[in-house]
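These notes concern the structure reproduced below.
Every read-out reported here was derived from the displayed coordinates using simple, explicitly stated rules and does not represent laboratory data. These numbers were taken from a predicted model, which means no experiment stands behind them. Quick reminder, even Gly has a Cβ in these numbers, built from the backbone with ideal geometry, and neighbours come from all protein chains shown.
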Amino acid sequence: MDGMMLLRRARDAGLAVKAQGDKLVIRGPKEAEPVALLLIEHKPAVIAALAPDATWWRRQLAVRTLVWLVAGRTRDEAEALAFEDLAVEWHRRNGEKVEQGRCAGCGDLIGGREALPLGDGNLVHFDSRGFDCLLGFGARWRATAADALVGLGLKPPPSPGRAAGCIATTNLGVAAVRGRRDVA
Ligand SMILES: [Zn+2]
């Protein structure tokens, strides 16, 4: 469940919520106990939404959505692209770094096979045996980053199916313009 939404419900119920390390400190009226229990049930999402940088990520989503709107995208596209921008950013900062010499897709040693270096410092197998490692890693880091962003209170894109196609094209375009590989 969305951490920000839970925090809003808590505030409406008169609860004061703080994070202390990995603990939640909740104070408020007795009748708000069901909401407090809900917060505890979804503790990781609530703690993420309380993180000091959660505000920065939420503001960035608004700013980047506006940039894409100004660039002539529809609202749905702009929101999806902004979210994807931030998923790439989150992955760059916090994403999985696979041990040197190992494939980020399948986890096996690169061995004597051809490998593709990615913009995040990871390597994936990339040869005549196919693109499964590249695609698998791409899907994995995107899902992890999207979960983390939702945990920080960001609204996921409105239409993931349509957005995914538009994202894939645009991101590859962005990567090409910047002259580097940003995405798997
Ligand atoms: Zn592999």
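Any chance you could count the Lys pairs in segment 1-137 whose alpha carbons are under 23 Å apart, treating pairs 8 or more apart or on different chains as valid? If you can, show how the numbers build up before the last one.
Numbers: K18/K30; K18/K43; K23/K43; K30/K43.
Within segment 1-137, the lysine pair count is 4.
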Interchain or long-range residues, amide H under 5 Å from A115's placed H: F126
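Can you tell me the relative contact order of the chain? Whole percent, Cα pairs under 8 Å, sequence separation 6 or more. The partial results should precede the final answer.
Working: 245 pairs, mean separation 41.0, N = 184.
Worked out over the chain, it gives 22 percent.
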Charge dipole (the chain, unit charges on Cβ, about Cα centre) - positive-most of C133, W56, L39: W56
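What net charge do the residues around D2 carry, taking every other residue with its C-beta under 15 Å from that of D2, with Lys and Arg at +1 and Asp and Glu at -1? Working shown, then result.
On the way: positive: R8, R9, R11, K43, R58, K155; negative: D12, E41, D147.
For residues surrounding D2, the net value is +3.
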Diffusion coefficient, µm² s⁻¹, Stokes-Einstein with Kirkwood Rh over alpha-carbon pairs of the chain at 4 °C and 1.567 mPa s: 71
Long-range amide H partners of R102 with built H, under 5 Å: I110
